[in-house]
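Just so it is clear, none of the values below were taken in a lab; they were calculated from the coordinates. Owing to the predicted nature of the structure, the values given are computational and were not obtained by experimental measurement. Virtual Cβ from ideal backbone geometry, glycine too; neighbours counted across all protein chains shown.
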Amino acid sequence: MTPGTRKLSAEPLTFLAHAISLSALHGPGPWPPEAMDLPDEPPRADDGKLHLPSVVMDGVRTHHFGFTPDSGTVQEIAGLLEEGAPHAMLHDRLARARALEICDDLPRELARRGLSRQQVYEAGRRLAEHGTRREAVKTGIVLVGVTGDERDRELLLLLGTLEELTLYAVVALLRTQPAQERERAVFELARRVTGWGRIHAVERLEGSDDPAIRAWLLREGFRNHVMDEYLAPLAATTGDLYSALLDPEPDEALVDGAGGILSALARGEGGPTTGLDAYEDAVPALARYADLAAAGQFTLERLDHLLTIRGHLREPAAHWLPADVAALRRRYADVLAQPRWTELALAGVADPGGDGFGQAQHCALRLGLPILPQLVARLRVAPDDGFTWQNVLRLTDTGALVALAEELLPLDDLANGPGVVLGGDGHEHALELIVTELERHPGLGLPLIGAALRNRGPRVRRCALRALRAWPEPPAEGVAWVRAAHAVEPDEELRDAMNAFLTTCEG
């Protein structure tokens, strides 16, 4: 059975069977994106609402918003366990709960009621092994965590490699494994996941004195598919970044990791965690990294790191000594003045279809290089590249931009609404960017406005209406388009705005 498929029989697929299938096909992990398509994944409605997977919601709630324990559900579940309710009944009730809201209080309530460890363990193991709904499996892992032992390691690692379950598996590993093995078990799981699961796992490695873990944190462990800023502070401190950089001959992976950590800390000011301002060794580490980057390999990744750090040095921490700041600014200016960085960025934008074009253009623009022709060449091969459209918008006059958009964007295909889709593809993003700009340039881009008025995205249609409203005398063709759009507009507020526009035009 391939990942992302469903059994053809009426029997639902268990999470454990799904994990075993992925492990057989792809090894211990990380697993490919289709692993996120879990056995109980509900159909996704195209209703325009922002869809956040539950793994994202758990990550955001644990890191930013918090959550309120559900004491009522805790009592109900504890009662079912105390009564020895059938597995199916317990599973179905847990499937409707939020594991995050009961995982702390449920074990305490079960202990208060005097349930035996064996009874709780058997219920948890059955939920973990046979569960077909994510919240039930999560709670099963919690129960195994409070009553199991080292024999549950492989089950927890296997289920935990599903990012949806990693948080619960990490905590269970810390509770069930022998003291000398706990950290290594979490380390193994951390290497199997790349998103919120890695964040949850690596956070449990804070303060480790294991040389292998510390080395991994500096080279790879801080990287994740959410934001490197979440783990960069921990990697810098637990991994002792500055001491590692003092090695006379550091390996290239360490230098790359140092750049990634320091640039993430530079971006982290005001972000999800602390930034360079809170990193005690920031000044010497930044100085040492500049020396290593100047003498090592020249790559777009390192150039990006250097430019990000340079940007932070324009407004550094208030408690840094002015002499240190001045020295760092000079050092980074000297490093970036090396001609090879400019040559590298220009080489990256020379191939409009190259995989590294996006990073190369970002670097080239921060270096102040004149690359408008390369950006236009990029749009001719990738007109759905919204990032490049955004940069062209900043670098060219509106008339030339409009002409290019009318030539390259598939306007007939973009007239694909009306609808309530909040986020579209790259073409739609480009159309929204350009039509928004047209509000400041009345008289331009009527074909773009026409396509935007019929687009499936309400934001795009709203931008088109604003652009037409800015015309001193809206053209009859445009008014007719608004009249037709008004007749089928699903967004009540936008429909009222269209009606007000038509009333003004026809009054």
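Couple of notes before you dig in:
- As a proxy for reagent exposure, ranking Thr274, Thr139 by other Cβ atoms within 10 Å from fewest up yields Thr274, Thr139.
- Put a plus charge on the Cβ of each Lys and Arg, a minus charge on the Cβ of each Asp and Glu, and nothing anywhere else: the dipole of the stretch 334-493 about its Cα centre is then about 260 debye.
- If the convex hull is drawn through the Cα atoms of the stretch 59-178, its volume per residue in Å³: 97 Å³
- Using alpha carbons only: equivalent-ellipsoid semi-axes of the stretch 120-253, gyration tensor based, whole Å: 31, 15, 10
- Translational diffusion of the stretch 86-155, estimated by Stokes-Einstein from the Kirkwood radius over alpha carbon pairs at 4 °C in a medium of 1.567 mPa s, is 109 µm² per second.
- Pairwise Cα distances in the stretch 448-507 exceed 15 Å in 36 percent of cases.
- Ordering of 97-103, 496-502 by burial proxy (mean other Cβ atoms within 10 Å per residue, highest first): 97-103, 496-502
- For mean projected area of the Cα convex hull in nm², calculated from these coordinates, the label among (1) 24.9; (2) 29.7; (3) 26.9: (2)
- The chain - charge dipole about Cα centre, Lys and Arg +1 at Cβ, Asp and Glu -1, debye rounded to 20: 260 debye
- Going by neighbour counts of Cβ atoms within 10 Å, the residues Thr388, Thr503 line up, fewest first, as Thr503, Thr388.
- Cα-derived Rg over Rh, computed across the stretch 209-337 with Rh taken as Kirkwood radius: 0.93
- Hydrodynamic radius by Kirkwood, which averages 1/r over all alpha carbon pairs of the stretch 383-506, in angstrom: 14.2 Å
- Likely footprinting exposure, Trp320, Trp389, fewest C-beta neighbours within 10 Å first: Trp320, Trp389
- Computed over the Cα atoms of the stretch 305-350, the ratio of the radius of gyration to the Kirkwood radius (Rg/Rh) comes to 1.10.
- Value at 222 nm in deg cm²/dmol, rounded to 500, when DSSP H runs of n ≥ 4 in the chain each add -39,500 (n - 2.57): -18500 deg cm²/dmol
- 3J(HN,Hα) along the stretch 220-226, derived from phi through the Karplus expression 6.51 cos²θ - 1.76 cosθ + 1.60 where θ = phi - 60°, amounts to 9, x, 6, 6, 7, 8, 9 Hz, with x in place of Gly and Pro.
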